[in-house]
Structure formats: C-alpha cells, structure tokens
Amino acid sequence: MADISTIKSVRVDALVALRIVKHATGVYPTTVYGSLLGMEVDGVLQITNAFPFPTSAEGDDSSSSALTPKNKGVMWYQNEMIKCLREVNVDANNVGWYQSTTLGNFINSNFIENQAHYQSQMNERTVALIYDSTRSAQGGLAIKAYRLTPQFMVAYKENKFSSENLIKHNLTYKDILQEVPLTLYNSHLAISLLHQLSIPPQPPSNLPVSVSSLTNPPTYPQPNFPVSTNFNALDLTIDPILEKSCDLILESIEAHNTEANNAAYYQRSLAREQTKITAWQQKRKTENSVRAAQKLPPLAEDEWQKLFKLPQEPSRLDSLLISRQVEQYARQVDGVTATSSAKLFALNGGIPRF
C-alpha cells in the first residue's frame, strides 16, 4: 500500500463544491452520496467534477443501503457515468466520493466501509469529502477531506479488532482517520468574471453639445452603495449548533459506556471460565497422580477444550468509532465556543465602569 503522504493536499473546483451543496440542500436532511472525478498531480489531488449517486438501486428498497458504493446497482451506474464522461472528453478518473452530514455525525461503520472500499479496490489515492449542511447554513462552507490511515487499513483487511490486534497494530481512535488539507479554487476565466461583476456601475458620460455645457457641466447623482452591515456578529444568544453538539456528545458518551460495559462483561465471563478450566485441570492432574500410583493409563489433560467454551471477544471497532466521533464533536464545540467566548469577553470589557 502506498503511503498516505503521497496525497499532500486536495484542491476542489468551486463548481464541484457548488454541486455538492446543491445536492445536499435539495434533499436536506437526508444524507446524500456522490462520486468525485479528477486526477492527482505531484501529490495534489485535483477534483474537477462530481455527480450524485442514485437514490435507489435495483433489488433494494432501502435508500441507505442502496447508496453504498459496494451495491451492484450503484457500481453499474457509476461505471456507466464515467464511460459517458470519457466519451465527451471530461475528466473520468475516480478519485473518491462525497457525503453530506449533520453536525459532523458521519463517523460510523457505513462510512468506514465505503472509504475502505475505495482505498482498497477502486483507487488507492482517493478521499472522502464530508459536507456539513447544518454548519454551512450558519455561514461559511463546512467541507473537509478525509482518508483512512494505512495502519487502520491493515487491521480492517484482517477484520480482527480484538484487544490483542489493536496492540499489535498500535491502533487507537486517533489513528482511524487523517484529515487532508483542502483548498477551493476557480479558473482564471471565472476569477476575471467575478472581478468584472464586482465593478460598480459608472455614471453615463455624455459629450458636451454647446459652449454653455462646457462652462457649466451637468451634475449627475453619485451612485449610492450602502455599506453591507452584518449584525449577526453582535448576537449573544447561545449558538444552536453548540447546544445540539453538546447533546450529541452526551449521546456518544452513553454509547461508549455501553460498549465499555460489554467489554467488561466479556472480561468477567472470560475470568469465570478460566477459573473453571484451572480447577478442572488441577482436578485432572490429581486424578492422573492417583492413576499413576495404581499403574493405570493417565487421562487426557486437554479434554477441557471439549467441556468448556471460552466466550468470543466482541469487536472493538464500534468502540473506536464512537471514541473518534466524540473527538469530532469536541473539536466542533471548541470551534463554536471560541467565537461565543470572544463575544462575551468583548461585552464584559465594553461595559463602562464608574
């Protein structure tokens, strides 16, 4: 597997970002998925085109499962779209997929399965773009690029997330995803058009028609361009994103506690069975000592494997994903509280003291 450092950054065409935003806002709050097209140049993954996945696939009535890239209907649709784009000489190299989310709630088994499918089968140099519809509605484009780390991909291919394997691969919840720096760009023609659109209209320039018009030129009203005001910066109410993010953190912590209780129950069950096995082995050794004194053949000491069954250790993958999701929410809360704290600090410092 190639090193993740081969992709140093991601450059997304502004038109692609607008397509993702339009697709996500058109069916909000439903989660949407789509394919990304482009190419990699000197470690920079350039995303130049995108198209949405169908909302349903043949033989499946569930929209959530139909949108999975491993679904045969979606794979057929994606391949046909790429063939059509290639015929019209458009970038047709698959470089990943995109997904919409609400308040960063995207780290789950479905996301891991999709991205692992792309990195292992489609193209190793692929990314997942995550567009947060709720945060974008508050101002600013909330879109980020993620990849699965190489060590997590190795553990995922083995499909063993026991405590022993986690220690073997030195894998923690921080080693699941790696965020790739992302930038938006426009073509030179688009930038030139934007600059032209931003030029204010000029008053009409009429040529003088008489000598009097030269001595007393006519006056034209100056265009009135009001200053764009934004009073949202003065709003001191609690940010709804902050409140909802705190609720999501509490839900994730409860889910993490459930996983921790399952792991503790497994440890207790394993300890009880091991105690029974130890007692049985000690008893069998005593019986064999007596039989040896009586010159009788010893009994098998590995018979406990048929009599006792050790409990199966539950997968720790869900626990890792929940921990990573809690970290995602914590970062989100930290970013929101930074702005709110600055407003409150400015308000407190601006109160006159007599």
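Quick rundown of the values:
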{"quantity": "Cα-based reach from residue 283 at 23 Å (exclusive), listing lysines while leaving out same-chain residues under 8 positions away", "calculated": "295, 306, 309"}
{"quantity": "Size-normalised alpha-carbon gyration radius of region 149-189, reference 2.2 N^0.38 Å", "calculated": "1.82"}
{"quantity": "For residue 180, residues with placed amide H under 5 Å, excluding near neighbours", "calculated": "145, 146, 147"}
{"quantity": "Most to least packed among 99-106, 167-174, 242-249 [average Cβ atoms within 10 Å]", "calculated": "99-106, 242-249, 167-174"}
{"quantity": "Placed amide H near residue 35: partners under 5 Å, 5+ positions off or other chain", "calculated": "51, 53, 98"}
{"quantity": "Where only alpha carbons of region 4-189 are counted, the Rg and the Dmax (Å)", "calculated": "16.5, 56"}
{"quantity": "Karplus-derived 3J(HN,Hα), 6.51/-1.76/1.60, for each residue of region 22-35, Hz, glycine and proline x", "calculated": "5, 5, 6, 6, x, 10, 4, x, 5, 6, 10, 9, x, 9"}
{"quantity": "Built amide H within the under 5 Å cut-off of residue 127, gap 5+", "calculated": "96, 97"}
{"quantity": "Karplus-derived 3J(HN,Hα), 6.51/-1.76/1.60, for each residue of region 41-53, Hz, glycine and proline x", "calculated": "10, 6, x, 9, 8, 8, 9, 10, 7, 7, 8, x, 7"}
{"quantity": "Phi to ³J(HN,Hα) by Karplus 6.51 cos²θ - 1.76 cosθ + 1.60 over region 146-155, Hz, x for Gly, Pro", "calculated": "9, 9, 7, 6, x, 5, 5, 4, 5, 5"}
{"quantity": "Residues 117, 23, sorted so that the one with the fewest Cβ neighbours within 10 Å comes first", "calculated": "117, 23"}
{"quantity": "Region 108-167, dipole about Cα centre (Lys/Arg Cβ +1, Asp/Glu Cβ -1), debye to the nearest 20", "calculated": "160 debye"}
{"quantity": "Reachable lysines, given that their alpha-carbon falls under 26 Å from the alpha-carbon of residue 83 and they are not under 8 places away in the same chain", "calculated": "22, 70, 72"}
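Computed from the coordinates by the stated procedures, all read-outs in this text should not be read as laboratory data. All values reported here derive from a predicted model rather than from experimental measurement. Don't worry about glycine lacking a Cβ; one is built from the backbone with ideal geometry, like all the others, and counts go over all protein chains shown.
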